[in-house]
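Please read the structure below before turning to the comments.
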């Protein structure tokens with residue numbers, strides 16, 4: 001009996017050690033490697049602010065409209081999903097961390113799944129070249145936006161943009177453009 005209790009105690013301690021050791025890695029993976037306490041707090045607030053957009057009908061009601069097909073990188077190994085843009089936010093020259101300009105959705109058998117948000121900061125009129133002296137890149141969550149870059153299609157201005165993979169883990173990092181976990185049909 002004593003030997004059986006000893007073995008149970010050792011097993012319980014081993015399980016507790018494994019769970020405790022694994023938890024920090026789980027938390028680290030869920031935050032995309034972000035360790036700054038202020039950035040983590042702001043990302044938590046952003047999750048709360050965008051939670052309602054898991055239902056695409058709420059996004060549509062708030063002025064978001066689909067503006068792309070499901071986007072993949074050039075070799076098809078990673079995606080961004082379908083972009084829904086809010087043109088009122090795009091026209092506003094300020095950046096509000098709690099009001100991203102775009103929402104990204106992945107098509108699934110159950111419907112559209114919210115996977116990320118994107119910010120965009122225009123630096124010129126539609127179809128214009130990148131200015132000779134572009135403004136500094138905006139910064140959110142301790143990271144600079146990507147760019148400056150030309151518009152990705154007709155009518156799009158030169159801009160900076162910034163992806164945040166809030167709702168779909170990205171092994172390449174929470175702030176990278178493409179996510180290998182995102183596939184398009």
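The values are calculated or read from the model by the stated rules, or taken from the named source; none is laboratory data. Just so we're clear, the structure is a prediction, and the values are computed from it rather than from any experiment. Note that each Cβ is placed from the backbone with ideal geometry, even for glycine, and that neighbours are counted across all protein chains shown.
Quick look at the numbers
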| item | result |
| --- | --- |
| In the stretch 102-147, the residues that are in contact (Cβ under 8 Å) with a residue 60 or more places away in the chain, surrounded by 18 or more Cβ atoms within 10 Å (Cβ to Cβ) and in a loop (DSSP other than H, G, I, E, B) | 141 |
| Residues being free of Cβ contacts under 8 Å to residues at least 60 places away in the same chain, more than 14 Å from the chain's Cα centre (by Cα) and under 16 Å from residue 180 (Cα atoms) - total across the stretch 61-101 | 3 |
| Hey, residue 90 out of contact with any helix residue (DSSP H, G or I) (no Cβ under 9 Å at 6 or more places or on another chain), at pLDDT below 95 and either surrounded by 15 or more Cβ atoms within 10 Å (Cβ to Cβ) or not in a strand (DSSP E or B) (or both) or not | yes |
| Selection status of residue 171, on the phi < 0 side of the Ramachandran plot and out of contact with any strand residue (DSSP E or B) (no Cβ under 7 Å at 6 or more places or on another chain) | yes |
| Out of 177, 161, sole residue that is assigned to a strand (DSSP E or B), at pLDDT 95 or above and out of contact with any helix residue (DSSP H, G or I) (no Cβ under 9 Å at 6 or more places or on another chain) | 161 |
